[in-house]
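A.B. asks: Once you've had a glance at the structure underneath, I'll fire off some questions.
The values are calculated or read from the model by the stated rules, or taken from the named source; none is laboratory data. Nothing here was measured: the structure is a model prediction, and the numbers come from that model. Cβ placement follows ideal geometry from the backbone for every residue including glycine, while neighbour counts extend to all protein chains displayed.
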Amino acid sequence: MIKSMTGYGKRVLSLSDKKISLEIKSLNSKGLDLNMRIPSSYREHELSFRKRVSATLERGKIDFGLFIEQTGGAAAAVINQEVVQAYMAQLGAIAAATPDQLLALSLKLPDTLSVQKEEIDPAELDAINTLLEETLAAMDQSRIDEGALLSEEFSLRINNIHQLLQQVIDMDAARMGGIKPRLEKALSDITAPIDQNRLEQELIYYIEKYDITEEKVRLAGHLDYFSETQSSSESQGKKLGFIAQEIGREINTLGSKANFAPMQQLVVQMKDELEKIKEQLLNAL
């Protein structure tokens, strides 16, 4: 199963005096890059939220947002009456002004207002944790849905490379058959005496140089391994990336050993298919 690193989840919870919204978005990234936006009153629980998100989502550039909207009677800022009265007395001693003017000036000075820290109700925290689990489940399903599209793309490209490899196998006999006449012609042009032992060694060298049997077998094996890994129960984007590198090595070796234009054209098409796989693997978890 393939999961995408791209995903989105959002859930909303309505309580008697507030509405709580939790939103998680994710894009591709080599590692885990988690950015959290949380109201100050919930900061003490940030580590718990972070651990839960990290354990579930594993990788990606993730934006986590917890938003609180007060819908009932919320605790307002409290006026520090003693501070305000002290400011008014000092200002009144400096300049003549009405009480209303002194009050307006005092309220603009530091420490005249205080906001009491809101204590989180344990029941509310439990509800938020449940909301988090629901949002993570929605996020995970979004990744699975995106991953299904990636999987279809991978299967298409791997199948295309398989077909191109079969064409390489089909034309390999003709390619090798053309090498022998070229060597014989080259030998017939030589007028100097020939060391037969050295000649046999050179012939073996050139035959081995052009032989692509091992590359064909290894490439087919890597393609099958890619498909097998793709179908495993867990998403393994990094492992698929390593397998894609091995596929690329075998394709490159085929191209360098082919020395046959029609086969090299097939190799170019293989490389094109593989590049499309690598591009999409950047999004695979």
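A.B. asks: Going through 243, 247 one at a time, which residue ends up being of a type in the set (Val, Ile, Thr), buried (at least 19 other Cβ atoms within 10 Å of the Cβ) and without any contact (Cβ under 8 Å) to a residue 40 or more places away in the chain? First the steps, then the outcome.
C.D. replies: Numbers: 247 fails: without any contact (Cβ under 8 Å) to a residue 40 or more places away in the chain.
Among 243, 247, only 243 is of a type in the set (Val, Ile, Thr), buried (at least 19 other Cβ atoms within 10 Å of the Cβ) and without any contact (Cβ under 8 Å) to a residue 40 or more places away in the chain.
A.B. asks: Okay, moving on. Hey, any hits in the stretch 68-84 for a residue that's under 21 Å from residue 123 (Cα atoms), in contact with a helix residue (DSSP H, G or I) (Cβ under 6 Å, 6 or more places away or on another chain) and surrounded by 11 or more Cβ atoms within 10 Å (Cβ to Cβ)?
C.D. replies: Here is the first cut: in the stretch 68-84, the ones under 21 Å from residue 123 (Cα atoms) are 68-75.
The next check asks that each one be in contact with a helix residue (DSSP H, G or I) (Cβ under 6 Å, 6 or more places away or on another chain); those that pass are none.
Among the residues of the stretch 68-84, not one is under 21 Å from residue 123 (Cα atoms), in contact with a helix residue (DSSP H, G or I) (Cβ under 6 Å, 6 or more places away or on another chain) and surrounded by 11 or more Cβ atoms within 10 Å (Cβ to Cβ), which makes the answer no.
A.B. asks: Something else: Out of the residues in the stretch 117-144 meeting the condition of being over 30 Å from the mean Cα position of the chain (by Cα) and of a type outside the set (A, V, I, L, M), tell me which one is modelled with the lowest pLDDT.
C.D. replies: Filtering first and then ranking leaves 117.
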